[in-house]
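The values are calculated or read from the model by the stated rules, or taken from the named source; none is laboratory data. Note that the structure is a prediction, hence the values are computed from the model and not measured. All Cβ positions, glycine included, derive from the backbone under ideal geometry; neighbour counts span all protein chains shown. Side chains are part of the model used for accessible areas, which takes the heavy atoms of the whole protein and leaves out ligands, DNA and RNA. Shrake-Rupley method; radii C 1.70, N 1.55, O 1.52, S 1.80 Å.
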Amino acid sequence: MPLSDAFDLVVIGSGPGGYTAAVRAAQLGMRAAVVERDPEGCGGTCLLRGCVPTKTLLHTAELLDDMRNARAFGIVADSVDLNFTAVMERKSHIVRRLSRGVENHLFKKNGVALFKGTGRLDGPRKVIVDSVDVRQPLDADAVVIAAGSKPRDLPGVSIDGRRIMTSDHILELRELPQSLIVIGAGAVGIELASIFARFGSVVTVLEALPRILPSEDEEISAEAARALGKQMKIVTSARVESVAVKESGVDLVYSAGEDAPRTISAELALVAVGRAPVSDDLGIETTRARLDRGFIRVNATLETEEPGVYAIGDVVTLADRPPHPQFAHVASHEGVGVVERLTGRSVEPLNYDLVPSATYCSPEVASVGLSEAAARLRGRELRIGRFPFANLAKPRIIGREAGFVKIVADARYDEILGVHMIGPHATDLIAEACLALRLEATTEEIARTLHAHPTLPEALMQAAAAVQGSSIDA
Ligand code: NAD
């Protein structure tokens with residue numbers, strides 16, 4: 001075995017959690033290394049087979065919508081066609097460029113060492129990197145595990161990557177399917193359903209719970225079901241009984257409520273029922289770190305039970321606050337927090353009540369803070385304000401009027417507890433709400449903050465005014 005290389009920090013995994021942690025560590029003067037085994041390169045799920053490719057395809061779907069609707073804007077564009085091969089090539093090109101950027105730009109520029117291979121802990125202060133031809137030991141003062149997650153299986157359904165797929169497989173399709181069944185109406189299922197429905201596939205979504213996007217506020221789920229129901233068929237409270245693969249597609253039997261089981265057929269089925277941690281081959285057992293249902297258990301500062309061994313991102317469960325949100329923006333903030341604390345900075349633990357969620361379907365859905373139901377469960381007396389995008393000028397100008405903003409505020413102190421949006425550019429608009437919650441702003445402060453006219457963020461200002469009972473346009 002070669003001699004050990006020594007680092008202040010070794011990070012296992014180069015997703016947004018891992019690469020951000022390593023680059024920040026190097027900026028702060030640490031000798032930092034990243035271990036990555038993915039043959040597709042650096043960037044993890046988000047960059048290679050998650051956020052970046054899906055948002056690229058969603059943007060194409062959005063453009064297609066606009067072009068098909070061109071006549072409403074006085075533009076004649078009668079023969080608008082989708083070249084699926086070109087769409088997928090563009091997606092792959094963007095992914096490859098960004099992945100190479102992590103390696104060639106971020107790591108090289110900041111002096112982060114990259115080891116290509118599988119990284120495993122070998123005791124608390126050592127990581128062994130296994131690649132095809134070398135076994136390289138690395139000594140590390142601290143280790144950050146950022147190994148991420150993978151699509152969860154559905155018991156009784158065998159995913160073959162041909163007819164029954166995960167999000168990994170469907171992002172590599174060569175031909176547009178005529179029909180698609182999506183099992184699971186969380187962010188992954190809804191975003192992919194929204195892409196393929198707008199590309200022209202006949203899409204059916206089956207959700208086990210009584211509503212789609214079940215982690216969102218109930219009114220937002222209802223509006224999303226209404227708006228997306230125009231693009232696809234949605235069945236809630238659905239139980240998948242069986243999926244049979246035929247040469248030409250799949251036959252899926254499901255039951256919903258008291259109704260007799262039904263069979264639907266489609267060219268493909270997508271299983272989008274959540275993501276499982278990647279933790280089974282990390283050498284965790286060589287340390288005092290512990291797993292909880294496969295997730296690595298950490299405290300509020302992301303440290304495992306083994307001092308000096310940290311874990312961040314999708315692979316983590318917080319000992320005192322499950323479930324841990326699986327978002328790229330959470331992983332990268334966690335990574336920065338860990339390394340800044342390691343270099344003696346005082347960084348408060350992430351406030352998981354203030355994590356924004358964003359689903360890039362059409363219309364977009366985004367939220368931060370407590371839903372109305374969650375706020376009531378905490379015993380808060382509430383005031384609610386709602387404002388429809390259709391009442392503003394800008395959504396009419398851009399031809400996207402569906403949706404609304406809902407603010408959940410504390411009745412006594414007027415503090416904003418949660419903001420929930422469905423509508424145009426909601427995933428961008430939520431940033432103002434994130435800042436408002438972080439600064440413990442009141443609805444009065446938002447309502448009295450000047451917002452340029454005509455713009456989409458006026459909807460948040462008007463929803464805040466609606467809480468106050470002073471909205472002009474509500
Ligand atoms: P999820 O847990 O958010 O949603 C899975 C859905 O599948 C749930 O609604 C669940 O009720 C349903 N389900 C489970 N078993 C089922 C069954 N047998 N039949 C029908 N429905 C079933 O998981 P996801 O959508 O796969 O996303 C995984 C994680 O990644 C989430 O934390 C999500 O927030 C995150 N993510 C975020 C984004 C984004 O920010 N835009 C995009 C994709 C994923």
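Using the beta-carbon distance between Glu285 and Thr449 and R0 = 41 Å, what value does 1/(1 + (r/R0)^6) give for FRET efficiency, to the nearest 0.05?
Between Glu285 and Thr449 the formula returns 0.20.
To one decimal place, what Kirkwood hydrodynamic radius in Å is obtained for the chain from all pairs of distinct Cα atoms?
Working: mean 1/r = 0.0418 Å⁻¹.
Hydrodynamic radius (Kirkwood, Cα only) of the chain equals 23.9 Å.
Taking just the alpha-carbon atoms of region 340-397, what radius of gyration and Dmax come out, in angstrom?
Both quantities, over Cα of region 340-397: 17.6, 51 Å.
Would you mind pulling out the separation of the Cα centroids of region 105-176 and region 329-369, in Å?
Rounded to whole Å, the Cα centres lie 22 Å apart.
Give the residue from His451, Ile94, Leu354 lying farthest towards the positive end of the charge dipole for the chain; charges sit on Cβ (+1 for Lys and Arg, -1 for Asp and Glu) and the dipole is referred to the Cα centre.
Among His451, Ile94, Leu354, the one farthest towards the positive end of the dipole of the chain is Ile94.
Which GluC sites (Glu not before Pro) in region 163-220 pass both tests, a DSSP loop state and at most 13 other beta-carbon atoms within 10 Å?
When the GluC sites (Glu not before Pro) of region 163-220 are filtered for loop state and at most 13 Cβ neighbours within 10 Å, Glu172, Glu175 remain.
Looking at the calculated P(r) for region 113-232, what percent of the C-alpha pair distances fall above 20 Å? Don't jump to the answer; show the numbers that get you there.
Values: 4171 of 7140 pairs.
Tail of the P(r) past 20 Å holds 58 percent of the pairs.
Do any of Lys150/Lys406; Lys150/Lys394; Lys150/Lys246 go past 30 Å between their Cα atoms, and which?
Lys150/Lys406; Lys150/Lys394
Provide His425, His420 ordered by accessible surface of protein heavy atoms (probe 1.4 Å), highest first.
Numbers: His425 80, His420 5 Å².
Order by accessible area, largest first: His425, His420.
If eta is 1.002 mPa s and T is 20 °C, what Stokes-Einstein diffusion coefficient results for region 363-468, Kirkwood Rh from Cα pairs, in µm²/s?
Details: Rh = 13.4 Å.
Rounded to a whole number, D works out at 160 µm²/s.
Any chance you could give the angle, 0 to 90 degrees and rounded to 10, that helix 16-27 forms with the longest Cα principal axis of the chain?
The answer is roughly 50 degrees.
Using alpha carbons only, what's the Rg to Rh ratio of region 138-183 with Rh from Kirkwood?
1.22
Excluding Gly403 itself, calculate the net charge of residues whose Cβ lies under 12 Å from the Cβ of Gly403, where each Lys or Arg counts +1 and each Asp or Glu counts -1.
Charge balance near Gly403 sits at 0.
What Kirkwood hydrodynamic radius, in Å, does region 164-273 give when the mean of 1/r is taken over all pairs of distinct Cα atoms and then inverted? Intermediate results must be reported in sequence, preceding the final value.
Details: mean 1/r = 0.0720 Å⁻¹.
Computed over Cα pairs of region 164-273, the Kirkwood hydrodynamic radius comes out at 13.9 Å.
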